[in-house]
Amino acid sequence: MESLDINSLISDLALILVLGAIATVVFKMLKQPIVLGYIVAGFLASPHFSLLPSVVGEANIEFWAQIGIIVLLFSLGLEFSFKKLVDVGGSAIITALIIVLGMMSLGYVVGKYLGYGLVNSIFLGGMISMSSTTIIIKALTDLNMRQRRFVPMTFAVLIVEDLFAVVMMVILSSIALNNSVKGGEMVGSILKLSFFLIMWFTVGIFVIPTLFKRFKRYISDEQMLIIAMGLCFAMVLFSVKSGFSAALGAFVMGSILAGTIEAERIERLISPVKDLFGAVFFISVGMMVNPTVMTRHWSVIALLAVVVIVGMIVFGTFGMLATGQPLKLAMESGFSLTQIGEFSFIIATLGTSLGVLDKSVYPIIVAVSVITTFTTPFFIKQAEPCYNALYKVLPKSWTRLLNGYSHDASESESSGSSSLWQAIIKRYLVRLIVYSVIIIALIALCRNYLMPPLLGWLGGGEWARLACAIVSLVVVSPMIVAIIMPSVKRSEHERLVETTGSVTMVPLVVMTILSVVSSTIYVAILLQGVYHSAAAVITAILLVVAGLFAVAVLPTPLRRRLTNIERRFISNINERENRRTGHENNLVSDLHLAYMKVGHDCPFVGERLKNLDLRTRYDVNLVNIQRAGKLYAVPSGEMRIFPGDVLGVIGTEEHIQRMLPLVEAQNEPVESNDALNVKFCHFAIGEQSPLVGVTLAKTHLREDYGALLVAVQRGDDDYISPTPQLEFHTGDVLWIVGNPKQLAPLKG
């Protein structure tokens, strides 16, 4: 086994991190994305730049870069959740699908035009089909446009694109390994991916949140970081063993943890790890920049930059229009997607590691990303002028048609979502898919790991086969029963009969038939491990028919246990939202216990509890406050509320929903820089402070220091509400919102 050169590893890491630190500070001063700073640092550390020392062992950096990809995808998974995917709705999914398919097709055509082979052209299409979430957020923040109407829809599309990118990596890996595009193999890869995703999510969502709740009191921040990273790398290992990429496993585990109540805590703990290894990854991308290749292929770089910009505008705008969005919003969204970023690098790294990507493609893609990153703010600003110009020349009939279509589409979507049958069928299909995946997994385990040793141990006779069949059926039977169980609740059945009559019960009959057929197929496949096909099918039919009668007279405790398992699974999926609203934390009657995080714009900030009178004004009771890791049970009326506090509130669902927007009120967070580094902090003022002996009215805190005074603490527990006549004394503790650098002179 080749020994690891520790000295070169440390020296290489030191070089790239020092260069990365310097480059990012410079780019921050220039108000440019930090990612570009990392790429420049990588170029400076590469053999292509001879004025500085170069990296000795590029394999060392490749190792750290692979870890960087894993941590980056894990972090992206933590920001992604199925609740978010459901919330963004079908519009974002359809728009993202149009963009990805359109840009992949365009990239493939351009690749073939440039003389690339089949696999290189497909990879090129994949690399130019993904916009950069990081760059878009930075550009919108710098332009002060985070509050614009098109931004939420654009972010929703980016969320879906992240999911598509992970699926795309699996498909591209299959294409690369076979060096061809075969429809059957691609479909097989997608089905295999779908099977494993459903299985991983089902097991993960059922087990992990339950364990977190049970052992919460024993898990400190240090242990939570170790647990999170351990789960991440365990899923990475399982993903690789299953024939998928490490990046897929990291993203999946992040998505599972995103639905737990510990998600925000894990995000906070993982952030430094992500920043470190993410920096190493982007620096490794910069090391691939070869000026000679870029100079030789400048025309290709220019062509691809134009393709990315024009293609994203056209497909992004068309996708939004196709889902019923107004023309102005569609164009603003399309113009904001005109760049490629981190996923392009990850796909390029995948192609390079598999040995199927031409060496000249990587630096070309990096150059295109740099160009489109710089042009993104320009195109975002040009969206509205372009819309105004188009609106003037567009026929009025077209404008009315587009506006009418967007109105009809939104109304149709909202009216369809309220259908009771739609909700029932959707729930049924989800149950059928999830239980089917679990049954298939159990059948595979039984046929490969249970039946062979059991048959050998029992001698392989008729009784041995019967024993194997019985044991396997016992293992699978709970899932079979769950599929056969009625999908319509009694209350829903009564509402359907009352409102629609017996004619509309046809979907229920169809669902029942589908359940019976599916169950019969699964049982037959299981029994084929010990009996011939004909005997297995006949036995399966008899068993499923018997199962139908058994379900009809199923004992109430067993039925309740199966229902509770499903309810617990659904509760785990919505754990964060349920904790916030108290939906699953029912105490007595209609009272719920909810946990709300106080936002910076909450009107209660700085107020004493006794002055708020929450019980009278909002019909809720405040039972505890969590602040900086400390729990204040049954807080006194003298206690004040500050941003970041987590309030434990008891009330009805209606009253909690009415209070949530007030407590959580805050503007969209902006990326901090020196001018926007506003924090809620506190400090004691010394004898040399310019505030000592001065009243609040004469300090001009807002005008001179850009600060807002929330409260003054004098003594251990005496908090004073700010008034213009308040005079500051030495030792007063100011609870204040502002830029720490600007506030520093006040400390004295």
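The values are calculated or read from the model by the stated rules, or taken from the named source; none is laboratory data. Note that the structure is predicted; figures quoted are calculated from it, not measured. Using ideal geometry, Cβ is built from the backbone for each residue, glycine included, and neighbour counts are taken over all protein chains shown.
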When residues of the stretch 303-320 are filtered for being surrounded by fewer than 18 Cβ atoms within 10 Å (Cβ to Cβ) and either touching a helix residue (DSSP H, G or I) at 6+ places or on another chain (Cβ under 8 Å) or within 17 Å of I136 (Cα to Cα) (or both), how many remain? 4
What number of residues in the stretch 720-748 are more than 41 Å from the chain's Cα centre (by Cα) and aromatic (F, W, Y)? 1
In the list V475, V430, which residue meets the criterion of being free of Cβ contacts under 8 Å to residues at least 12 places away in the same chain and either within 21 Å of V517 (Cα to Cα) or not assigned by TED's automatic domain parsing to the domain that holds L193 (or both)? V430
Looking only at the stretch 135-146, decide whether some residue is of a type in the set (S, T, N, Q), under 27 Å from F27 (Cα atoms) and touching a residue at least 40 places away in the same chain (Cβ under 8 Å). yes
Between T295, T317, which is free of Cβ contacts under 8 Å to residues at least 24 places away in the same chain and closer than 17 Å to V40 by Cα? T295
Can we say V203 is of a type in the set (V, I, T), in a helix (DSSP H, G or I) and at pLDDT 75 or above? yes
In the list V285, V300, which residue meets the criterion of being more than 21 Å from the chain's Cα centre (by Cα), farther than 21 Å from I198 by Cα and surrounded by 22 or more Cβ atoms within 10 Å (Cβ to Cβ)? V285
Could you list, in sequence order, all residues of the stretch 122-137 that are buried (at least 21 other Cβ atoms within 10 Å of the Cβ) and not aromatic (F, W, Y)? I122, L124, G125, G126, M127, I128, S129, M130, S131, S132, I135, I136
Among the numbered criteria (1) at pLDDT below 80; (2) in a helix (DSSP H, G or I); (3) over 19 Å from M287 (Cα atoms); (4) not hydrophobic (A, V, I, L, M, F, W, C), which single criterion is violated by N60? (3)
Can you give me the ranges of the helices (runs of 4 or more DSSP H) entirely in the stretch 69-179 with at least 2 residues that are at pLDDT 85 or above? 82-113, 118-127
The lone exception for E342 - which of (1) crowded, with 17+ Cβ neighbours inside 10 Å; (2) at pLDDT 85 or above it fails: (2)
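Looking at the stretch 354-367, can you tell me whether even one residue there is of a type in the set (F, W, Y), at pLDDT below 85 and in contact with a helix residue (DSSP H, G or I) (Cβ under 9 Å, 6 or more places away or on another chain)?
There is at least one residue in the stretch 354-367 that is of a type in the set (F, W, Y), at pLDDT below 85 and in contact with a helix residue (DSSP H, G or I) (Cβ under 9 Å, 6 or more places away or on another chain).
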Residues of the stretch 516-529 satisfying the condition of being under 16 Å from S477 (Cβ atoms) and either at pLDDT below 75 or not in a helix (DSSP H, G or I) (or both): G529
Condition met for V35 (buried (at least 18 other Cβ atoms within 10 Å of the Cβ), at pLDDT below 80, part of a loop (DSSP other than H, G, I, E, B) and not assigned by TED's automatic domain parsing to the domain that holds T134): no
Residue identified as at negative phi, at pLDDT 85 or above and not in a loop (DSSP other than H, G, I, E, B) among S333, S239, S284, S255: S333
Kindly provide the set of residues from the stretch 126-140 that are among the polar types (S, T, N, Q) and over 13 Å from V308 (Cβ atoms), ordered by number. T133, T134
Pairs, please: C-beta under 6 Å, at least 6 apart or cross-chain, first residue in the same structural domain as G126 (by TED's automatic domain parsing) and in the stretch 328-341, second of a type in the set (F, W, Y)? K328/Y387; L329/F150; M331/Y387; E332/F150; S333/F150; F335/F379; T338/F379
Is one or more of the residues making up the stretch 350-362 part of a helix (DSSP H, G or I) and farther than 28 Å from V119 by Cβ? no
